[in-house]
């Protein structure tokens, strides 16, 4: 069979891989070289069965459903991330706008304070002498019109003699 059907044996790799089964002198024909040391149909059939099993698994409805679900989940996660990022950007822009508004209000109030200070400093320099005399009189008048802190209910016109202690 080895000599007449050499092409069938080589095509399907139908060679026995058991050591010592073939005589090396009988097999070493120059017209037909048999793959004695190589794996034969058994390994090919194992690989074929693995391919069939993979095909069966990867084309099953459950596997296709799981992959579609994972893809949809990944798309939703990406969209959710984009929405989250957009909300963060919106919040940042809002806070920046509020900060700019607050800063502009602060600048306006500082400008008003500066203008009032300039006005006060300008008026204060021209009438320094007259204001000093007014402040001295006001200090003297405040001391005389104050009520005693330990007797706020007493009117100073009534005097201390009208109080009756029990």
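Report Rg(Cα)/(2.2 N^0.38 Å) for region 60-124, keeping two decimals.
Working: Rg = 27.9 Å, N = 65, 2.2 N^0.38 = 10.7 Å.
Scaled against compact globular proteins, the figure is 2.59.
Hey, rough spin-label estimate for residue 62 and residue 89, points 7 angstrom out along Cα→Cβ, what's it come to in nanometres?
The two pseudo-label positions are separated by 4.3 nm.
Read-outs: derived from the displayed coordinates by stated rules, not from any lab. Since this is a predicted model, take the numbers as computed values, not measurements. We place every Cβ from the backbone using ideal geometry, glycine too, and count neighbours over all the protein chains shown.
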